[in-house]
Amino acid sequence: MSASQVPLITIDGPTASGKGTVAQRVARALGWAWLDSGALYRLCALAALRGSVALDDEAGLAALAAALPVRFADGRIELDGQDVTDAIRDEAVGNAASRIAALPALRAALLGLQRNWRRPPGLVADGRDMGTVVFPDATLKVFLTASVESRAERRYKQLIEKGFSANLTDLLEDLEQRDERDSNRAVAPLRPAEGAVVIDSTHLDIDQTVARVLGAYRHRVRR
Ligand code: CDP
């Protein structure tokens, strides 16, 4: 099976829309791999912060991304042999990730790495530009969204559960800024891919959202 024949579901959407959890659950249900592309941007941000590469040094960041010493194993993520699964979830890292993600050379440096994830039996890839740029020939493209208030509440709960401190008002402001930056950047702006199924999860729980995605996939392959 050539890479382009490997079935693929892309799930794009704004920050804290639940993409990651939904993508992971859909992948598990189908027995496929899961690519968390946001983790790659977060890893680059963390590597830059730790290695004192400035967040506006486009060439330096692209070089760093092209040789990213990352390993994904058993649900854990290692950077240079160190477990950074939790460290990359820090809001400061998320913000830095959103800033460097606007740099075209960095995005280009991560393209090959992302496309390499497409292997049998299938892949679920979540992010901002999975359906628009990285995998435009995906079998099913989903755009997952929710109101900014419900996303802020979800992110708040997630951070508290992970032991981080958080403030709901700050988070709301932060998400609005990130939405604005992700949607208005010149390269790979956040927007539904052509032909994407749009799912608004404001009033759906995770199980219902996963069921919608699986239903849309079954519908797509039956045609
Ligand atoms: O958790 P959250 O949705 O905020 O972030 P994420 O999915 O872990 O991604 C971190 C940042 O990387 C986002 O704020 C985006 O700016 C950027 N990103 C991107 O530009 N393209 C992707 N395919 C994935 C993430």
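The values are calculated or read from the model by the stated rules, or taken from the named source; none is laboratory data. Only a predicted model underlies this, so the values are computations on that prediction, with no experimental measurement involved. In this analysis, Cβ positions are derived from the backbone assuming ideal geometry, glycine residues included, and neighbour counts consider all displayed protein chains. Each accessible area value is taken on the protein alone, full model and side chains, heavy atoms only, with ligands, DNA and RNA left out. Shrake-Rupley method; radii C 1.70, N 1.55, O 1.52, S 1.80 Å.
Assorted remarks:
- Of the helices (runs of 4 or more DSSP H) that lie entirely inside the range 1-103, those containing 1 or more residues that are away from the ligand (no atom under 16 Å from the Cβ), over 21 Å from Arg118 (Cβ atoms) and in contact with a helix residue (DSSP H, G or I) (Cβ under 8 Å, 6 or more places away or on another chain) span 58-66.
- Residue within the range 96-106 that is at pLDDT 95 or above, open to solvent by 60 Å² or more (accessible area, probe 1.4 Å) and farther than 28 Å from Gln177 by Cβ present: no
- Candidate set: the range 125-156, residues that are part of a strand (DSSP E or B) and not β-branched (Val, Ile, Thr); chosen: the one nearest to the ligand (Cβ to nearest atom): Gly127
- Taking (1) part of a loop (DSSP other than H, G, I, E, B); (2) within 14 Å of the ligand (Cβ to nearest atom); (3) more than 26 Å from Gln5 (Cα to Cα); (4) not hydroxyl-bearing (Ser, Thr, Tyr) in turn, Gln177 satisfies each apart from (1).
- Checking the stated criteria, Val221 turns out not to satisfy the condition of being more than 15 Å from the ligand (Cβ to nearest atom), assigned to a helix (DSSP H, G or I) and buried (at least 16 other Cβ atoms within 10 Å of the Cβ).
- Candidates in the range 107-118 are the residues that are without any contact (Cβ under 8 Å) to a residue 24 or more places away in the chain and more than 12 Å from the ligand (Cβ to nearest atom); of these, the one that is least open to solvent (accessible area, probe 1.4 Å) is Gly112.
- Of the residues making up the range 119-134, at least one is over 15 Å from the mean Cα position of the chain (by Cα), open to solvent by less than 70 Å² (accessible area, probe 1.4 Å) and closer than 21 Å to Leu35 by Cβ.
- Total residues in the range 140-177, condition under 28 Å from Ala196 (Cβ atoms) and of a type in the set (Val, Ile, Thr): 3
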